[in-house]
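Input: a single structure, listed below in structure tokens.
The values are calculated or read from the model by the stated rules, or taken from the named source; none is laboratory data. Remember, it's a predicted structure, so these values are computed and weren't measured experimentally. Counting neighbours? That spans all protein chains shown, and the Cβs are built from the backbone with ideal geometry, glycine included.
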Amino acid sequence: MDIKQSTTSAVLIACLFLLAAPAAYAADGGFSLTGSYTLGGQFVDTQDTVDEGKMREYRDLTSGVLSALGLTGRGSNYYLDFYGENVGRKDMFLDLRGGSYGSFKYGLFSDSMQHFFTTDARTPYSGAGTLNQTAKLPNLDPSTWNVYDLAYKRRSDGAMFELSLDSPWYVRADVGQISFDGNKLQAYAQGTGSSNGFVDLAVPVDFSTRNLSFESGYSSKKLHLALAYLDSKFENDDEILHWTNGYFGNDKLTGTDLGIDTSYLPSDNQLKRWSLNGLVKLPLSSSLALRYTQSESTSDVTLATSQLIGTATAKSTAPFLASPAVFNGKVDYDTWALTWSAMPAEGFDVRLYALDLKRENKSTDVLFSGFTTATTSLGCVGVVGGTGPVGSATGPRVCENEPFGFERRNYGAELAWRPTKTNRISGGWDQIKTDREFHPDSDSTKERRYSLEWRNTALDTLVASLKLQLIERRSNFLSPALPNTVWSFDTANMDRQVYKAGLDYTPTAKLDLSAEYYYKKSEYDDSPSGRQADDRGEIYLSSVYGAQDGFRVKAYVDYEKASTDARLVSRNSTTGAVNYTVFTGIEDKFEAFGLGFDWPAQERLLVTGAASWNRSKGAVDFNGLAGAAALPTTLINITNYGNNERLALNLNGTYEITGSWDLTAGLAYEDVAFDDIQFDPYSYVLPPGPLVGPAQATASYLSGWYRDPEYKATIGYLLAKHTF
Amino acid sequence: MRHRLLYWAVGIASAFCALTLLPTPAAGAQGGGQPVCADCHEEAVRGIAPTKHGARLDATTNLCQSCHGDVAAHLDDPTVKPTRAFDRGMTAAEKSEACLSCHEGNRQLAFWDSGKHKKNDVACTDCHSVHGMTLHGKHVDPSTAPYLTTQRKLQYETCGQCHKSVRAQLNKTSHHPIIEGKVACADCHNPHGALSHAMVKNESVNQLCAGCHADKRGPFVWSHLPVEENCLTCHNSHGSNVPKLLNVKVPQLCQDCHGSGHGQLAYGSSFSVGGANQDRATRFDARACVNCHQLIHGSNAPASRGHFLLR
């Protein structure tokens, strides 16, 4: 039974039970249905915003009708909950759940969303968003380009049915589909080197993931055992993209004789997974939990054996060999996890755990060969005509993949002691060991964590906690460290300290105060080049004041500051001397303030308001140290590295006209500012200066994404709600 | 597409058939009558009535006692608290025990003992309130969220009351659509307990992410090793100041692993960012390294075009 037939069967089975529900509900004496429906609209004024992409990133903020319907059905045997909103809009949401207590339950849902990147994006290409995009290049005047919106729709649909018939045994089926439709931004290098320009292209997004899972098990207070199977299939209708490459053969500068290049979009893939979950209650107030999973991911690709290549004056399509002709991708995951939790004595909690994850990459070893002097850039290692071992610097010119696999073993222990009812002291030890295949830097990493925590609730009005964590990571590196060696940041030796303090104070029934402090510092002392250190400090303050049924206000203040220090070493590969060293210090700050209130201003009038403001500021400091060579240039600091600021206000009042009708009117305002040196000043063509002659072949064409994500918007809304 | 519409049509038609054949709505509690507790605790009884727990509500005190314990002494003398008053005098474990006495055998609570919430003294009543209110039965504090097109109360408002760092990240410029109501905390985490780190639902972060982002699942002919090992090496799953939820801006993120070739020269042909002519460089402007190395999650392109993640 393939996944489509399974989907059909599962949905139809669920519907059969739904059809049987009316008789059951009718027989359920006292079943009551309550609910509400809402109808209204929103009006959005964007006040000359250039690019609405950020504003509409995840929200459908087009002016129009808003709607909602909620139903709650309750009986002594059956229940039903339905909620739907914004029907017909890009963010439509539908959710239906119901069932019979302890006997069966079902669910259906559909959730839509748009992911907007940019409005009025530009491209010199025809066919934006399709698999064939052509252009007459060079085209350095964006005013003549085609305009389009860069966005895609995402929709998630699904159904669930679970049957237990008032017993600890159950069976369950889940079916779902996540589909994407639209386009998104991808960029591709044009020539044979990094100075030959790149192009932004709107690539089509037309794929879906279908998931089907079955689970059956036994679940009681003493024992839980469940076996589940998941089949997940990703299907992409658009796998090969053809586009005009403006670099190759651009000698005539007339837009003719340009090559058509090929890019490869995600291929179909499939995941099949078995899992076994278990839990058993044991003496000493303990429990033993187990999880085992075995999964297989596959994806098959027919390998291309030619590629557009050449120079700015002449293009060609270079053939080469691929052995084998088809890539059969196969990755197996085997995981198991075991946890023993216990209270062996009064005031003591113990937890011992072990997790193992093994990723075996059984994908095809592919060898691309047959490169000539003209196509040598398509190879990765060796020389044309080389006679040394294949894969070595003296061997033939080839390109060979290396299927990456690893195994990660995690063990740990935690012990908590409550010397009194109001004090809790806990400590933990954790180790993660990772062994890797085909990693260029490190084949083995061991990370140890030690933690200590104290929590106090001695005062009725105060809860305090302190936590300290030390992390030590050490790896086995496969080659000796040279002054310019950068160990992969995720494997580099590291020492980290983490401090956390928390305070919750409730002096009165109406007032909650909370403060939290977090500080993390990491050092990578053994890394000759690359990241050297990073630290992060966070402070969060929040409070809530007011009675549950009266005026109530909530406020928070957040502050975060993170810094990362790195050094990049330039080394002469012939003499081994250090040419120069550049030190970079990145700083990232985040500040936020939020306020929200509910105010029953009158017996029939509830006023609700919210205000939030946040600001991010990024900066990079450069310093340099000359060595065997002088610094290449003057280093100039960056002060606008991801700066953005957002103010959002929302005020509304809900007036109860009658016992079953109310009216909500509201006004919202948003103001977002953005400043980032990587996009400012924005240029659709890089470099921005005048390009003449053959240099035009190296022009880069950008789409306008992030050219001006700032916006101001005023939103008015009016909603009428009837409750029944 | 046609079949998908058919499935939905059948499903929704069935649901509405069920609704149209329902008996006339009846107001008030299902079981008939209210317990004596309502004489003093009217709001609590009114709150529980429309919930699933309220299906058991009747004129006896059985429902109330199933959670609050023996109330006989309390009925005689209101100053004497019932066995379980759910006040600060109760520990988290004691509060949760009331719920687990019925729900411990539930499938989704199987790993409660192994989870972080139990370990950190989070009680069921810290997130849930059986006496109704709004969000998942919990009276929710006033919202500070910006204007949303959804009228639903969202799950993150409950989780964010304790997880303040995560709440802050959700408000950053690049984030999963959590505050917009399109992704919920429980889509990735199991708050009732799980055996994985951070109580994620799957056996690893990568398996979890690929559930929605299956286009990144592969296997690919050419893979990018940190991608295969852990998505969180480069991304922050909740929110970031950097586009695409990256932890650090590109090129610095890439320079944390790649220092050879032109990896060092990302700032311009000669490190002269901000110079007289800005020296705009394809390795620094816009998305920097990813301007060319676009297939950063893996590639199926042939030869060096795929090896260097260019196609």
Working carefully through the options B:A18, B:A73, B:A27, B:A85, find the one that is modelled with pLDDT under 60, surrounded by fewer than 18 Cβ atoms within 10 Å (Cβ to Cβ) and small (G, A, S). B:A27
Filter result (in contact with a Gly (Cβ under 7 Å, 6 or more places away or on another chain), within 7 Å of chain A (Cβ to nearest Cβ) and within 19 Å of B:R283 (Cα to Cα)) within the stretch B:232-256: B:V242, B:K249, B:Q255, B:D256
Filtered residues of the stretch B:62-116 (kept if out of contact with any helix residue (DSSP H, G or I) (no Cβ under 7 Å at 6 or more places or on another chain) and among the basic types (K, R)): B:R88, B:R107
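Every residue, every condition in (1) within 8 Å of another protein chain (Cβ to nearest Cβ); (2) of a type in the set (F, W, Y); (3) touching a helix residue (DSSP H, G or I) at 6+ places or on another chain (Cβ under 7 Å); (4) surrounded by 21 or more Cβ atoms within 10 Å (Cβ to Cβ), yes or no:
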{"position": "A:F320", "(1), (2), (3), (4)": "yes, yes, yes, yes"}
{"position": "A:N328", "(1), (2), (3), (4)": "no, no, no, no"}
{"position": "A:S341", "(1), (2), (3), (4)": "yes, no, no, yes"}
{"position": "A:G370", "(1), (2), (3), (4)": "no, no, no, no"}
{"position": "A:V381", "(1), (2), (3), (4)": "no, no, no, no"}
Do we find that A:K233 is assigned to a loop (DSSP other than H, G, I, E, B), within 30 Å of A:Y106 (Cβ to Cβ), within 9 Å of another protein chain (Cβ to nearest Cβ) and among the basic types (K, R) in this structure? no
Step by step: first the residues of the stretch A:183-206, then only those that are without any contact (Cβ under 8 Å) to a residue 60 or more places away in the chain and not β-branched (V, I, T), then the one that is farthest from the other protein chains (Cβ to nearest Cβ). Which residue is that? A:N183
Filtered residues of the stretch A:150-175 (kept if within 25 Å of B:K182 (Cβ to Cβ) and more than 10 Å from chain B (Cβ to nearest Cβ)): A:L150, A:A151, A:Y152, A:K153, A:G158, A:M160, A:F161, A:A173, A:D174
Go through the stretch A:422-447 and report how many residues are under 26 Å from A:N401 (Cα atoms), in contact (Cβ under 8 Å) with a residue 40 or more places away in the chain and crowded, with 16+ Cβ neighbours inside 10 Å. 4
Pairs returned, first residue in the stretch A:75-87 that is at the interface with another protein chain (Cβ under 7 Å from one of its Cβ atoms), second residue that is in a loop (DSSP other than H, G, I, E, B) and acidic (D, E), beta-carbon separation under 8 angstrom, 6 or more apart or interchain, are A:G75/A:D28; A:S76/A:D28; A:N86/A:D60
Restricting the stretch A:97-112 to residues that are assigned to a strand (DSSP E or B) and more than 22 Å from B:C212 (Cβ to Cβ), the one nearest to the other protein chains (Cβ to nearest Cβ) turns out to be A:G98
Flagged pairs (Cβ under 6 angstrom, 6 or more apart or on separate chains; first in the stretch A:701-716, part of a loop (DSSP other than H, G, I, E, B); second β-branched (V, I, T)) are A:G704/A:T118; A:W705/A:T118; A:D708/A:V50; A:E710/A:V672
Given the conditions (1) modelled with pLDDT under 85; (2) under 30 Å from A:E710 (Cβ atoms); (3) surrounded by 16 or more Cβ atoms within 10 Å (Cβ to Cβ), report the number of the one that A:E52 does not fulfil. (1)
Mind checking which residues of the stretch A:352-368 are touching a Lys or Arg at 6+ places or on another chain (Cβ under 7 Å) and either among the polar types (S, T, N, Q) or buried (at least 18 other Cβ atoms within 10 Å of the Cβ) (or both)? A:L357, A:S363
For the stretch B:221-230, indicate whether the set of residues that are modelled with pLDDT under 90 and of a type in the set (F, W, Y) is non-empty. no
Determine whether the stretch B:288-311 contains at least one residue that is at pLDDT below 95, touching a Pro at 6+ places or on another chain (Cβ under 9 Å), at the interface with another protein chain (Cβ under 7 Å from one of its Cβ atoms) and over 28 Å from A:P709 (Cβ atoms). yes
Here the residues within the stretch A:213-223 that are within 10 Å of chain B (Cβ to nearest Cβ) and either under 32 Å from the mean Cα position of the chain (by Cα) or in contact (Cβ under 8 Å) with a residue 60 or more places away in the chain (or both) are A:E215, A:G217, A:K221
Please enumerate the residues belonging to the stretch A:448-457 that are assigned to a strand (DSSP E or B) and either within 12 Å of chain B (Cβ to nearest Cβ) or among the polar types (S, T, N, Q) (or both). A:R449, A:S451, A:E453, A:R455, A:N456
Restricting to the stretch B:208-227, and then to whatever is within 7 Å of chain A (Cβ to nearest Cβ) and out of contact with any Gly (no Cβ under 8 Å at 6 or more places or on another chain), can you tell me which residue is nearest to A:Q294 (Cα to Cα)? B:R217
Given (1) modelled with pLDDT of 95 or more; (2) farther than 30 Å from A:S542 by Cα, index of the condition A:G659 fails: (1)
Looking only at the stretch A:393-421, count how many residues are more than 38 Å from the chain's Cα centre (by Cα) and loosely packed, with under 15 Cβ neighbours inside 10 Å. 5
Single residue of the stretch B:290-309 satisfying the filter (over 32 Å from the mean Cα position of the chain (by Cα) and among the hydrophobic types (A, V, I, L, M, F, W, C)) that is farthest from A:D268 (Cα to Cα): B:C292
The stretch A:297-318: number of residues that are in a strand (DSSP E or B) and at the interface with chain B (Cβ under 7 Å from one of its Cβ atoms): 4
A:P389 being surrounded by fewer than 17 Cβ atoms within 10 Å (Cβ to Cβ), over 23 Å from A:S488 (Cα atoms), out of contact with any helix residue (DSSP H, G or I) (no Cβ under 9 Å at 6 or more places or on another chain) and free of Cβ contacts under 8 Å to residues at least 12 places away in the same chain: yes
Scanning the stretch B:229-256 for residues that are without any contact (Cβ under 8 Å) to a residue 60 or more places away in the chain and among the charged types (D, E, K, R) gives B:E229, B:K249, B:D256
Take A:I471 and decide whether it is part of a strand (DSSP E or B), among the β-branched types (V, I, T) and more than 10 Å from chain B (Cβ to nearest Cβ). yes
Can you pull out every residue in the stretch A:141-176 that is among the charged types (D, E, K, R) and either touching a Cys at 6+ places or on another chain (Cβ under 8 Å) or closer than 30 Å to A:P690 by Cβ (or both)? A:D141
Please state which of the following conditions B:S129 fails to meet, knowing it meets all the rest: (1) under 30 Å from B:N62 (Cβ atoms); (2) surrounded by fewer than 21 Cβ atoms within 10 Å (Cβ to Cβ). (2)
